[in-house]
Amino acid sequence: MQLLKLAALLIVGITALSGCSPTSGAEGRARSGWTDDGAPMLNTKVVYNSSTLSRKVTIEEMTSSKVGDMLLAQVTLRSKAGDTLSFQYKFEWFDLDGLALNAASATWKPLIIYGKESKTIQGLAPDPRGREYKLLLRDAD
């Protein structure tokens, strides 16, 4: 009987701890490339590290294009909430080998999305080696 109580306490403790994740927010990752025919191709991935944020906002679309020899990222976000949402975002850039290009200089920027609104944000690679980007979102402090 004591063993069952101990097991139940462990399960409750683990569940409580897992709900307090230090990484909160959402991230979208996109990698650009080209097909054998030379057509642009973009692979995307969205990860929500916060169930609260996943209920508030969705990443609808991630695209990219070339501006000169630089990669331009464009991401469309949509509010699922009826009220105004205040966030911060930043783009992180990577080369073809996955090495960070702007890790130290990437800064958080404010973002306000009104109820049920869609908003498109853009980021430009810091140099021509940028081939992959990650958009990070977090609640404004």
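Express in % the proportion of alpha carbon pairs of the range 72-117 at distances exceeding 16 Å. For the range 72-117, the share of Cα pairs beyond 16 Å comes to 53 percent. The label point for Asp95 and the one for Leu111, both projected 7 Å from the Cα toward the Cβ, are 2.7 nm apart.
If you take the beta carbon distance between Ser54 and Arg129 as r and set R0 to 30 Å, what does 1/(1 + (r/R0)^6) give as a FRET efficiency, to the nearest 0.05? Present the calculation step by step, with values, prior to reporting the outcome.
Values: r = 32 Å, r/R0 = 1.07.
My answer for the efficiency is 0.40.
Taking 0.36 nm per residue of separation and subtracting the current Cα-Cα distance, fully stretching the chain between Ser118 and Glu61 would add 19.5 nm.
Just so you know, all these numbers are worked out from the coordinates, no wet-lab data involved. Only a predicted model underlies this, so the values are computations on that prediction, with no experimental measurement involved. Methodologically, a virtual Cβ is constructed for each residue, glycine included, from the backbone with ideal geometry; neighbour enumeration extends over all protein chains shown.
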